[in-house]
Amino acid sequence: MNTRPPYLVSACLAGKACRFDGTAAPHPAALRWLSQGRILPVCPETLGGLPCPRPACELRDGRFFDAHGTDHTQAVLDGCAKALARASEAGCRLALLKAHSPSCGVGDIYDGSFSRRLISGDGLFAGLLRASGYVVLSDEDVWM
């Protein structure tokens, strides 16, 4: 019986087709941990009620906008709160998140211009996790 707390993982990395374009982004480490029952997969965007697929979104001035200019910040913040509550309940302390995402990006995210330029910063969920004391890694940082 596994008594260690699970890793919190972006659901798309665990193979769930929840990305904006309706796809998954399976990651070898996440899939291995999934097969071992070691992860808690979450998607703060879908937990906040955003559909899948949905228009691409980026952060601009701390707000979560889609390419049409619609502000989805409150929905994503609600999803982040739900995901954090699930992670806390499960005892997670480490998160493996999807790079560059406006929710889950760690260390760099798209700049809000929808031009694929990266800037320094975290997505809304990654920032919340850091502020809550989690160890937060990007899928680009883990090569297992």
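Treat the count of other C-beta atoms within 10 Å as a stand-in for reagent exposure and order 141, 122 from fewest to most.
141, 122
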Amide proton proximity set for residue 7, modelled H, under 5 Å, gap of 5+: 39, 40
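Would segment 12-92 count as rounded, prolate or oblate if I go by the C-alpha gyration tensor, calling it rounded below 1.5 in a/c and otherwise prolate when a/b exceeds b/c, oblate otherwise? Kindly include the intermediate steps, with their values, before the conclusion.
Working: a/c = 2.73, a/b = 1.52, b/c = 1.79.
In terms of gyration-tensor shape, oblate.
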For the chain, which cysteines have no disulfide-compatible partner, meaning no other cysteine Cβ under 4.7 Å? 12, 52, 57, 80, 92, 104
When a footprinting reagent is the concern and you count Cβ atoms within 10 Å, what order do 13, 50 take, fewest first? 50, 13
Per-residue HN-Hα couplings for segment 111-118 [Karplus 6.51, -1.76, 1.60; θ = phi - 60°; Hz; x = Gly/Pro]: 7, x, 9, 6, 10, 6, 7, 9
Quick check on the exposure proxy: order 89, 58 from fewest to most C-beta atoms within 10 angstrom. 89, 58
Please list the non-local residues whose amide H lies under 5 Å from the amide H of residue 138, H modeled 1.01 Å from N, same-chain partners needing a gap of 5 or more. 97
Across bins of 10 angstrom width beginning at 0, how are the C-alpha pair distances of segment 74-144 distributed, in whole percent? 22, 50, 25, 3
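Suppose the chain between residue 67 and residue 23 were pulled fully straight at 0.36 nm per residue; how much longer would it get relative to their current alpha carbon spacing?
Working: separation 44, 0.36 × 44 = 15.84 nm, distance 1.81 nm.
Full-extension gain reported as 14.0 nm.
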Residue by residue through segment 91-97, the couplings from Karplus 6.51 cos²θ - 1.76 cosθ + 1.60 with θ = phi - 60°, in Hz, x for Gly and Pro, are x, 5, 9, 10, 10, 10, 10
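Please give the contour-minus-distance gain from residue 38 to residue 120: 0.36 nm per residue of separation, less the Cα-Cα distance, rounded to one decimal in nm.
Numbers: separation 82, 0.36 × 82 = 29.52 nm, distance 3.01 nm.
Difference between extended and current length: 26.5 nm.
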Rounded if a/c under 1.5, otherwise prolate or oblate - segment 22-68, Cα gyration tensor axes: prolate
Search the structure for amide H atoms under 5 Å from the amide H of residue 108, placed 1.01 Å from N in the peptide plane, and list their residues when 5 or more places away or on another chain. 100, 121
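FYI, it's all coordinate maths here, none of it is from the lab. Quantities reported herein were computed from a predicted structural model and do not represent experimental measurements. Cβ sites come from the backbone with ideal geometry, for glycine too, and all protein chains shown count toward neighbours.
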